[in-house]
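Notes for the one structure printed next.
Just so it is clear, none of the values below were taken in a lab; they were calculated from the coordinates. Worth saying up front: this structure is predicted, and the values here are computed from it rather than measured. When we count neighbours, we look across all protein chains shown, and the Cβ atoms used for this are built from the backbone with ideal geometry, even at glycine.
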Amino acid sequence: MTYLLLVVLISFQTLNACSGMKVNHNNKITEIMQTVPDTCKRCDIEAVKETVSNLEKLEYSDIFQFLYTFSKDCSKNVEYSEYSNEVLFKVLEMHPEDFIICMNKEKGLELEYIYSELSTPILDINGSVIYEKVQNVSGDRHVKEKILKALKKAIDY
């Protein structure tokens, strides 16, 4: 039954601009983006603002859209860089499992830049709290290790 449900969910595409296919993961629905729609942009401060306004109830597609905004080219945009860095830690703290899944599954993300951002917080963070939350959720071991390594640097920063 789970396999059939998985096949059915994979066969449906959502109509949202930055959302994709859904897959059952650990008894909850998680989307996996197939392509990056034109509406997703790098350095998009509006996407960051939208993420903040929905922080409590972010869905996988929201996390993807937010993470997609990260690019090393954004470092020139001070307003975006500071704001997105602050929000990055909030998203990871509140949605660690979806964050890890997204970092593992989505090919359009600039992973090394996101890890770099996680290792250099601009503001004070709840480093040990976030570290523990990441450590205690399921997800790809390799991605978790890289996130935890970056958080360790952030805590020592």
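Exactly one of these conditions fails for Gln135: (1) touching a residue at least 24 places away in the same chain (Cβ under 8 Å); (2) in contact with a helix residue (DSSP H, G or I) (Cβ under 7 Å, 6 or more places away or on another chain). Give me its number.
Failed condition: (1).
Does region 51-78 hold any residues that are crowded, with 23+ Cβ neighbours inside 10 Å and farther than 25 Å from Asp140 by Cβ, and which are they?
Answer for region 51-78, where residues must be crowded, with 23+ Cβ neighbours inside 10 Å and farther than 25 Å from Asp140 by Cβ: there is none.
Suppose we filter region 50-96 for residues that are more than 13 Å from Ile114 (Cα to Cα) and without any contact (Cβ under 8 Å) to a residue 12 or more places away in the chain; how many remain?
So the answer is 5.
Looking only at region 46-63, which residues are part of a helix (DSSP H, G or I) and either over 18 Å from Ile100 (Cβ atoms) or in contact with a strand residue (DSSP E or B) (Cβ under 8 Å, 6 or more places away or on another chain) (or both)?
If we filter region 46-63 for residues that are part of a helix (DSSP H, G or I), which is where we start, we get 46-53, 55-57, 60-63.
Matches in region 46-63: Glu46, Ala47, Val48, Lys49, Glu50, Val52, Ser53, Glu56, Lys57, Tyr60, Ser61.
Given Phe70, Phe66, Phe99, which one is out of contact with any Ser or Thr (no Cβ under 6 Å at 6 or more places or on another chain) and either among the charged types (D, E, K, R) or part of a helix (DSSP H, G or I) (or both)?
So the residue among Phe70, Phe66, Phe99 that is out of contact with any Ser or Thr (no Cβ under 6 Å at 6 or more places or on another chain) and either among the charged types (D, E, K, R) or part of a helix (DSSP H, G or I) (or both) is Phe99.
So Ser81 passes all but one of these: (1) surrounded by fewer than 20 Cβ atoms within 10 Å (Cβ to Cβ); (2) assigned to a loop (DSSP other than H, G, I, E, B). Which condition number does it fail?
Here Ser81 meets the rest and fails (2).
Considering only region 121-149, state which residues are assigned to a loop (DSSP other than H, G, I, E, B) and not hydroxyl-bearing (Ser, Thr, Tyr). Walk me through it before giving the result.
Taking region 121-149 first, the residues assigned to a loop (DSSP other than H, G, I, E, B) are 121-126, 137-140.
Once the filter is applied, which keeps residues that are assigned to a loop (DSSP other than H, G, I, E, B) and not hydroxyl-bearing (Ser, Thr, Tyr), region 121-149 yields Pro121, Ile122, Leu123, Asp124, Ile125, Asn126, Val137, Gly139, Asp140.
Out of all the residues in region 88-138, which are under 12 Å from Ile155 (Cα atoms), surrounded by fewer than 21 Cβ atoms within 10 Å (Cβ to Cβ) and hydrophobic (A, V, I, L, M, F, W, C)?
Matches in region 88-138: Ile122, Leu123, Val129.
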